[in-house]
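Asker: Next up is a structure, given as structure tokens.
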Amino acid sequence: MYLSSKQIKDYQENGAIIIKDVFKEWIRPLRIGFQKVLDNPSKHGRENIIDKQGRFFEDYCNWERINEFKDCIFNSPAAQIFAEATSSKSAQVFHDHIFSKEPGT
């Protein structure tokens, strides 16, 4: 188990909890995946800046084509934590959504 009884209770009562240091090993691979999306956006990728000052990029539905995202979904503790917090036996990935917004945009 990743969550304590208190964390589960807090989540069920408040809808949010803080979990520290569980995803440290996933930061580097997810950054690599994020960069892959920036370098090669999907058909959903778009820039949201009109004045060409700074960058505000978004893209979604990349988990099936970006191995780092897929690996995190299926092999990180996220699903187990979700199951513990919600007492669920299943979950559905609707989609991933990434944003890159530079300061001042």
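The values are calculated or read from the model by the stated rules, or taken from the named source; none is laboratory data. The shown structure was predicted, so the numbers you read here are calculated from the model rather than taken from an experiment. Counting neighbours? That spans all protein chains shown, and the Cβs are built from the backbone with ideal geometry, glycine included. Surface areas here come from the heavy atoms of the whole protein model, side chains and all, with no ligands, DNA or RNA. Shrake-Rupley method; radii C 1.70, N 1.55, O 1.52, S 1.80 Å.
Asker: Can you pull the percent of the range 1-58's accessible area that's carbon plus sulfur, 1.4 Å probe, other chains left in place?
Answerer: Ligands and nucleic acids excluded, carbon and sulfur reach 51 percent.
Asker: Across the chain, how many lysine pairs separated by 8 or more positions, or lying on different chains, have Cα atoms within less than 18 Å?
Answerer: So the count works out to 7.
Asker: Send over a whole-number figure in Å² for the accessible area per residue of the chain, probe 1.4 Å.
Answerer: 75
Asker: Something else now. Step through the residues of the range 92-105 one at a time and calculate ³J(HN,Hα) from phi using the Karplus curve (6.51 cos²θ - 1.76 cosθ + 1.60, θ = phi - 60°), rounding each to whole Hz and writing x for Gly and Pro.
Answerer: So the J values, rounded to whole Hz, are 10, 7, 7, 5, 8, 8, 10, 9, 9, 10, 7, x, x, 9.
Asker: How high is the relative contact order of the chain, given as a whole-number percent (alpha carbon pairs under 8 Å, six or more residues apart)?
Answerer: 35
Asker: Starting from the 7 Å offset along Cα-to-Cβ, what nm value, one decimal, do you get for the label separation of Ser76 and Gln12?
Answerer: In this crude spin-label approximation the distance works out to 2.6 nm.
Asker: In terms of modelled amide H atoms, which long-range or inter-chain residues lie less than 5 Å from the amide H of Trp63?
Answerer: Close amide H contacts, sequence-distant or interchain: Asp96.
Asker: Here's another thing I want to ask about it. Which value at 222 nm does the chain reach when only helices count, each DSSP H run of 4 or more adding -39,500 (n - 2.57), with the total divided by all residues and rounded to the nearest 500 deg cm²/dmol?
Answerer: When only DSSP H runs of four or more count, the value is -12500 deg cm²/dmol.
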